[in-house]
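A short write-up of the structure that comes next.
Please treat every number below as a calculation from the coordinates, not as lab data. Source: prediction; values computed, not measured. Every residue, glycine as well, gets a Cβ built from its backbone with ideal geometry; the counts of neighbours run over all protein chains shown.
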Amino acid sequence: MAARIQVIITNSCCMQRLFFLLLMAGTNLFCQSIYAHQSPNTIMLLDVQPDGVEAELQLPLSELELAFGKDLRTHSETLVARWGSQLQSYLLAHIRPESDDHLPWTVTIRDIYVAPAEQSYSGPIQELIVRLWLQPPVGSSSRIFTLRYDVIMHQVVTHFAIVSVRNDWETGIDADHPVELGAIRMDTYSGIILPLKINQSGGSWWYGCRNMIALGIKHIAEGTDHLLFLLTLLLPATLLAQGKRWGHFGGIKYSLSHLLSIITAFTIGHSLTLLAGVIGWLQLPSQPIEVLIAFSIGISAVHAWRPIFFGREVYVAGGFGLVHGLAFAGTLTSFNLAPGYMALSILSFNIGIELMQLTMVLLTIPWLILLSQTKLYSGFRIAGATFAAIAALAWMAERILMVTNPVTQVIETIAQFAPWIVLVLACVALFTYWWERRRSSRIV
């Protein structure tokens, strides 16, 4: 009898545990369902400048409509014309940054417009984009302040705003890697919307320069097309032309001076347009620039097959360097930097580009000089030119049609093995040069 009672008790405990697990699972699913259908939130992006902070607000119209009390989603294309002044007054009343000593900042609305947002959990949404300038009082730092903010959430208590630094030159934050600072929301216990403390101290001009140098190095390391153009142009640079064909090795002195002049011309070319593009003197759409870069690789590939502009490589390198520089400029203009920061960024970014280019040249040129003194170089040069031509055609097709193709994906995959390719090139060059010298000495 006692054993039977024990079994009943055990079964009862098991049933209670099973019921508890099922209850927890159901609660978890319910919570996940609520989360999956939560309302869209506000995004605030900060660009920290020496004299103030530029902010971008991305406000979901569905939530803003509830707090503003007007129909904003019907005919949203005329929203700014209908409610622009009232919206600006509303926003200025609910955005109140202040310094550490509680002095208020000046808030100015620079631009306001409606834009489609990305697909949310609950479907497509529209956003009101607001660009602001936050000006600290005289003597206060733009890097340390308290953000008092209750747009929408003063009425919609479930709403919250995620605040991130998009650009901060002195701490090395850029638009490609924004840093989230926190969220502003209603405190459920006190019913108060707590301010967010912003503290971007600890940076320096040296840290910013170092970050820009690293960015320039990364840009070239990941820019397969830029490096391929330069390396393809250097393929026949150690050779002399004999009519419409490439001839024999031109000698160490000729090779080094020719290589140096080509690299220098390319550097001057892209440096000029990098400066002009960032300053705003020269602005072109990115698509034709990218197509021209691919075209430049094709031209250098044809020249590596047959000398079509022998003796004028310096001008070609400089000319196409102008095109490549415009692509480099697009990277810096997206950072929205103050003039002083931009000047240092141009210098530092260009230093990073040159360091990476110089590294790649130093790692490849010695082996090209050795190989060009052997019979193997003709086949190697043609193979390299063929690869560059295929890459150029694939990139041109992709950039004109705006559709990815498998050839460019294969090229990018091959580029990931660049260090190993250079190592193989070095081994082949050393062995071939040694072997041919050994054979020639035996014949003598």
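Quick check on the chain: helices-only [θ] at 222 nm, where DSSP H runs of length 4 and up contribute -39,500 (n - 2.57) each and the sum goes over total residues. Nearest 500, please. Please report the intermediate quantities before stating the final value.
Working: 12 runs with 252 residues, N = 444.
That comes out to -19500 deg cm²/dmol.
Taking K and R as +1 and D and E as -1, what net charge do the other residues with C-beta under 14 Å from the C-beta of Ala241 add up to?
Values: positive: Lys244, Arg245, Arg306, Arg312, Arg381; negative: Glu313.
Net charge around Ala241: +4.
Just for the chain, what percent of DSSP beta bridges are antiparallel, to the closest 5? List each step's numbers first, then the result.
Values: 46 of 53 bridges.
So the antiparallel bridges in the chain amount to around 85 percent.
For q = 0.12, 0.20, 0.27 Å⁻¹, what log10 I(q)/I(0) does the range 312-374 give under the Debye formula with an equal point scatterer on each alpha carbon and no solvent?
Ignoring solvent entirely, the Cα scatterers give -0.46, -0.93, -1.14.
Select from the range 143-184 those trypsin sites (Lys or Arg not before Pro) which occupy a DSSP coil region and have at most 12 other Cβ atoms within 10 Å, ordered by residue number.
On the way: sites: Arg143, Arg148, Arg166; in loops: Arg143.
Loop-located and lightly packed - none at all.
By per-residue mean of other Cβ atoms within 10 Å, what is the highest-first order of 364-372, 181-189? Walk me through the intermediate numbers first.
Values: 364-372: 20.8, 181-189: 14.1.
Order by mean packing, descending: 364-372, 181-189.
May I ask you to list the lysines whose Cα is less than 29 Å away from that of Lys375, ignoring any residue fewer than eight positions away on the same chain?
Reachable lysines: Lys244, Lys253.
Only four residue types carry charge here, +1 at the Cβ of Lys and Arg and -1 at the Cβ of Asp and Glu. Report the dipole size of the chain about the Cα centre in Debye, rounded to the nearest 20. Provide the component values of the computation, followed by the final result.
Values: 27 positive and 29 negative charges, 440 e Å.
Result for the chain is approximately 2120 debye, rounded to the nearest 20.
Rounded if a/c is under 1.5, else prolate if a/b is larger than b/c, else oblate: which is the range 206-443, with a ≥ b ≥ c the root eigenvalues of its Cα gyration tensor?
Details: a/c = 1.92, a/b = 1.71, b/c = 1.12.
Prolate is the answer for the range 206-443, as a/c is 1.5 or above and a/b outweighs b/c.
Return the whole-Å distance between the Cα centroid of the range 234-288 and the Cα centroid of the range 175-221.
Each part reduced to its Cα centre gives a spacing of 39 Å.
How high is the relative contact order of the range 112-199, in percent, counting Cα pairs under 8 Å that sit 6 or more residues apart?
Values: 118 pairs, mean separation 21.8, N = 88.
Rounded, it is 25 percent for the range 112-199.
Could I have the simple spin-label model distance between Gln409 and Trp435, label points 7 Å from Cα toward Cβ, reported in nm to one decimal?
Going from the Gln409 label point to the Trp435 one covers 3.6 nm.
Hey, can you list the DSSP H helices of the chain whose Cα span along the axis is 24 Å or longer and whose average Kyte-Doolittle score is at least 0.5? Before the final figure, lay out each step's value.
Details: long enough: 2-36 (51 Å, 1.05); 205-222 (25 Å, 0.16); 252-279 (40 Å, 1.36); 286-305 (29 Å, 1.15); 313-333 (30 Å, 1.12); 339-371 (47 Å, 1.56); 376-401 (38 Å, 1.15); 418-443 (37 Å, 0.55).
Those that clear 24 Å and a mean of 0.5 are 2-36, 252-279, 286-305, 313-333, 339-371, 376-401, 418-443.
Dipole magnitude of the range 42-203 about its Cα centre, charges +1 at Lys/Arg Cβ and -1 at Asp/Glu Cβ only, in debye to the nearest 20? Walk me through the numbers before you get to the answer.
Details: 11 positive and 21 negative charges, 94 e Å.
Once rounded to the nearest 20, the dipole reads 440 debye.
Cβ under 15 Å from Ala394's Cβ, Ala394 left aside: what net charge do those residues give with Lys, Arg +1 and Asp, Glu -1? Write down the numbers at each step before the final one.
On the way: positive: Arg399; negative: Asp225, Glu290, Glu398, Glu412.
Within the 15 Å Cβ shell, the charges total -3.
Shape verdict for the range 42-203, please, from the Cα gyration tensor: rounded (a/c under 1.5), prolate (a/b greater than b/c) or oblate.
prolate
Taking the alpha-carbon set of the chain, what are its Rg and Dmax in Å?
Both quantities, over Cα of the chain: 31.0, 111 Å.
Can you run phi through the Karplus equation (6.51, -1.76, 1.60; θ = phi - 60°) for the range 42-48 and list ³J(HN,Hα) in whole Hz, with x for Gly and Pro?
3J(HN,Hα) across the range 42-48, in whole Hz: 8, 10, 10, 10, 10, 10, 7.
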